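Structure first, commentary second.
The values are calculated or read from the model by the stated rules, or taken from the named source; none is laboratory data. This structure is a prediction, so every number in the text was calculated from the model and none was measured. Reconstructed Cβ throughout: ideal geometry from the backbone, glycine too, with neighbour counts over all protein chains shown. To get the accessible areas, we keep the full protein, side chains included, count just its heavy atoms, and leave off ligands, DNA and RNA. Shrake-Rupley method; radii C 1.70, N 1.55, O 1.52, S 1.80 Å.
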Amino acid sequence: MPMPHRTFAEVAKRRLVGKEGSDRVATIRVLLGELPGYRNGPYADLRKWLEGELERTRVRAKVVHRDSLQVRREGAAQIALVGPPNAGKSSLLQALSDIQIKTGDYAFTTLRPVPALTRIGGVLVQLVEIPGLIEGAHEDRGGGRSLLGVLRNADAIVYCRAAAEPAASVDVVLWEVAAAGIEKRAIVALTKSDELPDAELDRVVGTACGESPHAFEAVVPVSVLEDESLDRLRDAIWSLTGLIRVRPRRDGRVDDEPFALPAGATVAELADQVHHEVARSCTGARVWGPSARFDGQRVGRAHVLVDGDVAEVLAR
Ligand SMILES: Nc1nc2c(ncn2[C@@H]2O[C@H](COP(=O)(O)OP(=O)(O)OP(=O)(O)O)[C@@H](O)[C@H]2O)c(=O)[nH]1
Ligand SMILES: [Mg+2]
């Protein structure tokens, strides 16, 4: 008995997440081998889709070759990590995801933008370390223009600064980003916070923004040695995305995987993410959580959802 085609499609998509190049091609080949050989119907459609993916993966591999700085977007949002050399960007990337990346006690360990996925409250968010922004980057020193190009595509920025270093250590990076005309929501991560005693750290948090004209939404001390500080950074990064998490409820069961929706999203928009068809027939929802006045409140299509809600879409 072959796997139901819908299940197969889900499994296939899951197995392809985060894979590129030869790795992705190999996975697609295996999937094609597992697919029943019907000539029409849903399995034939899946075959067509997988063959298309094979072709698109090959094209992308060539493009990546020519312009290796492009970062393919994945997840609900893309957040850039920038900062002076040796600030601990790669270490944060590693601590927040499961990638293995070179870290080192010297400048310019990382030479290209490195993406990694991190899960925040059940939603995947892409982090990208953007290394090597040096003075003159906006005039293309050190290949700065394409690095700044990657930054321009991001949704928000985490400026990384070692807590024990002076505030001025991020000035060059701030200045280059501003000179490139890039303005985005941003926070400061005060990295390696374990290197300072608490009292000293409090003082640094209070003065972290220095003379900088940038408005930071938060200053978060963080150490890769302290899981709690990493969770606080995750929360701050989530706020930067401007998204809300809503968990769908179906047949009395709450799904673990939330939907990520733009802040201010309504029940109708949630229904649209569940399925376009559902959006049309949706009459409202039952809501649990912060936007509900009581558990299971019946609301209309225009009800505005908030982060942490659980909603059961009602359809005709
Ligand atoms: N004590 C302590 N050391 C850290 C922490 N995070 C990073 N480091 C150290 O700081 C050094 C630099 O870390 P990296 O993660 O390579 O820094 P980076 O910003 O990626 O550096 P470049 O890619 O070279 O620009 C390494 O020796 C790390 O072990 C931390 O939370 N605490
Ligand atoms: Mg690095």
Check: Which one of these does Leu111 not meet: (1) within 16 Å of ligand 1 (Cβ to nearest atom); (2) more than 18 Å from Gly181 (Cα to Cα); (3) within 14 Å of the chain's Cα centre (by Cα)?
Finding: (3)
Item checked: Filtered residues of region 93-106 (kept if within 9 Å of ligand 2 (Cβ to nearest atom) and over 14 Å from the mean Cα position of the chain (by Cα)) -> Ile101, Lys102, Thr103, Gly104
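Condition (residue is within 16 Å of ligand 2 (Cβ to nearest atom) and under 29 Å from Glu195 (Cβ atoms)) applied to region 72-80: is it met by at least one residue?
Pass one, region 72-80, residues within 16 Å of ligand 2 (Cβ to nearest atom): 79-80.
Then keep just the ones that are under 29 Å from Glu195 (Cβ atoms); that gives 79-80.
Yes, because at least one residue in region 72-80 is within 16 Å of ligand 2 (Cβ to nearest atom) and under 29 Å from Glu195 (Cβ atoms).
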Check: How do the strands (runs of 3 or more DSSP E) wholly within region 247-316 filter down when requiring 3 or more residues that are farther than 24 Å from Gly75 by Cα: which remain?
Finding: 282-288, 297-299
Item checked: Residue selected from region 223-246 under the condition in a loop (DSSP other than H, G, I, E, B) and among the hydrophobic types (A, V, I, L, M, F, W, C), by the criterion most open to solvent (accessible area, probe 1.4 Å) -> Leu225
Next item on the list: Consider only pairs whose beta carbons are under 7 Å apart and that are at least six residues apart or on different chains; among these, list those whose first residue lies in region 78-96 and is aliphatic (A, V, I, L, M) and whose second residue is within 8 Å of ligand 2 (Cβ to nearest atom) and in a loop (DSSP other than H, G, I, E, B).
Entry: Leu93/Ile101
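For every residue, the table says whether it meets (1) at pLDDT below 95; (2) in contact with an Asp or Glu (Cβ under 7 Å, 6 or more places away or on another chain); (3) surrounded by 17 or more Cβ atoms within 10 Å (Cβ to Cβ).
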{"residue": "Gln94", "(1), (2), (3)": "yes, no, yes"}
{"residue": "Ile99", "(1), (2), (3)": "yes, no, no"}
{"residue": "Asp105", "(1), (2), (3)": "yes, no, no"}
{"residue": "Thr110", "(1), (2), (3)": "yes, yes, yes"}
{"residue": "Pro113", "(1), (2), (3)": "yes, yes, yes"}
{"residue": "Val123", "(1), (2), (3)": "yes, no, yes"}
{"residue": "Leu127", "(1), (2), (3)": "no, no, yes"}
Check: Can you name every residue in region 1-27 that is of a type in the set (A, V, I, L, M) and not in a helix (DSSP H, G or I)?
Finding: Met1, Met3, Val17
Notebook entry, point to check: In the set Val254, Val278, Val267, which member is open to solvent by less than 70 Å² (accessible area, probe 1.4 Å), in contact with a strand residue (DSSP E or B) (Cβ under 7 Å, 6 or more places away or on another chain), modelled with pLDDT under 95 and closer than 26 Å to Ile237 by Cα?
Noted result: Val254
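Kindly evaluate Gly21 against the criterion of being in contact (Cβ under 8 Å) with a residue 40 or more places away in the chain, in contact with a Ser or Thr (Cβ under 9 Å, 6 or more places away or on another chain) and surrounded by fewer than 14 Cβ atoms within 10 Å (Cβ to Cβ). Please lay out each step first, then the result.
Values: in contact (Cβ under 8 Å) with a residue 40 or more places away in the chain: yes; in contact with a Ser or Thr (Cβ under 9 Å, 6 or more places away or on another chain): yes; surrounded by fewer than 14 Cβ atoms within 10 Å (Cβ to Cβ): yes.
So Gly21 fits the description; yes.
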Item checked: region 1-21, residues that are small (Gly, Ala, Ser), within 15 Å of Arg56 (Cβ to Cβ) and at pLDDT 85 or above -> Ala12
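Just to be sure, is Arg185 open to solvent by 60 Å² or more (accessible area, probe 1.4 Å), under 23 Å from the mean Cα position of the chain (by Cα) and more than 14 Å from ligand 2 (Cβ to nearest atom)? Full working, then the answer.
On the way: open to solvent by 60 Å² or more (accessible area, probe 1.4 Å): yes; under 23 Å from the mean Cα position of the chain (by Cα): yes; more than 14 Å from ligand 2 (Cβ to nearest atom): yes.
It is true that Arg185 is open to solvent by 60 Å² or more (accessible area, probe 1.4 Å), under 23 Å from the mean Cα position of the chain (by Cα) and more than 14 Å from ligand 2 (Cβ to nearest atom).
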Margin query: Quick check on Ala44: is it within 29 Å of Arg6 (Cα to Cα), away from ligand 2 (no atom under 13 Å from the Cβ) and open to solvent by less than 60 Å² (accessible area, probe 1.4 Å)?
Written below: yes
